[in-house]
1. So, in segment 16-52, of the ones that are in contact with a helix residue (DSSP H, G or I) (Cβ under 6 Å, 6 or more places away or on another chain) and among the aromatic types (Phe, Trp, Tyr), which residue ends up nearest to LEU62 (Cα to Cα)?
2. May I ask you to verify whether LEU32 is aliphatic (A, V, I, L, M), in a helix (DSSP H, G or I), crowded, with 17+ Cβ neighbours inside 10 Å and free of Cβ contacts under 8 Å to residues at least 40 places away in the same chain?
3. Working only within segment 53-80, note down all residues that are touching a residue at least 24 places away in the same chain (Cβ under 8 Å), assigned to a helix (DSSP H, G or I) and closer than 19 Å to MET31 by Cβ.
4. Please count how many residues of segment 15-29 are closer than 16 Å to SER73 by Cα and either without any contact (Cβ under 8 Å) to a residue 12 or more places away in the chain or under 16 Å from the mean Cα position of the chain (by Cα) (or both).
5. Mind checking which residues of segment 55-72 are closer than 19 Å to VAL85 by Cβ and surrounded by fewer than 18 Cβ atoms within 10 Å (Cβ to Cβ)?
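Any read-out appearing in this document is the output of simple, stated calculations on the displayed coordinates, not a laboratory observation. What you see is a predicted model, and the numbers here were worked out from it, not measured in a lab. Don't worry about glycine lacking a Cβ; one is built from the backbone with ideal geometry, like all the others, and counts go over all protein chains shown.
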Amino acid sequence: MVSVNWTDVTTPTDFLQVANTTTGDLFWAAMLAMLSIILMISLLPFGFEAAVLAAAFSGFMLGMILAYLHLVSWTWVVMYAGIIVAMGLWIMYSQKNTL
């Protein structure tokens with residue numbers, strides 16, 4: 001069990017980092033993934049492609065904020081960027097009219 005020395009928490013960023021310290025640097029990454037999954041499921045009535053793209057874009061934007069705060073790794077941000085690129089390519093491929 002990891003204990004937190006609360007006297008070292010002096011800034012708002014330190015306070016947010018406490019959650020990562022006690023969970024092995026996975027708290028904010030899990031929150032980011034959970035938000036994206038909930039958003040994707042909520043947007044499924046608008047179509048699968050739209051739901052995945054909107055969830056990935058939201059995850060990308062929030063991930064960049066969290067990465068700049070040093071709460072998540074840049075790997076998560078790059079993963080969301082990859083999903084956006086892959087979905088863009090999939091939409092272009094699936095909308096292609098073959099003659």
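1. Applying the first criterion (in contact with a helix residue (DSSP H, G or I) (Cβ under 6 Å, 6 or more places away or on another chain)) to segment 16-52 yields 19-20, 27-29, 32, 36, 39-40, 43-44, 49, 51-52.
Next, from what is left, pick out any that are among the aromatic types (Phe, Trp, Tyr): 27-28.
Values: PHE27: 14, TRP28: 10 Å.
Filtering segment 16-52 for residues that are in contact with a helix residue (DSSP H, G or I) (Cβ under 6 Å, 6 or more places away or on another chain) and among the aromatic types (Phe, Trp, Tyr), the one nearest to LEU62 (Cα to Cα) comes out as TRP28.
2. For LEU32, the condition - aliphatic (A, V, I, L, M), in a helix (DSSP H, G or I), crowded, with 17+ Cβ neighbours inside 10 Å and free of Cβ contacts under 8 Å to residues at least 40 places away in the same chain - is not met.
3. Just the residues of segment 53-80 that are touching a residue at least 24 places away in the same chain (Cβ under 8 Å), to begin with: 53, 56-57, 59-60, 62-63, 66, 69-73, 76, 80.
From what's left, assigned to a helix (DSSP H, G or I): 53, 56-57, 59-60, 62-63, 66, 76, 80.
Selection gives ALA56, PHE57, GLY59, PHE60, LEU62, GLY63, LEU66, TRP76, TYR80.
4. Residues of segment 15-29 closer than 16 Å to SER73 by Cα: 16-21, 23-29.
With either without any contact (Cβ under 8 Å) to a residue 12 or more places away in the chain or under 16 Å from the mean Cα position of the chain (by Cα) (or both) added as a condition, the list becomes 19-20, 23-29.
Number of matching residues: 9.
5. PHE57, SER58, MET61, MET64
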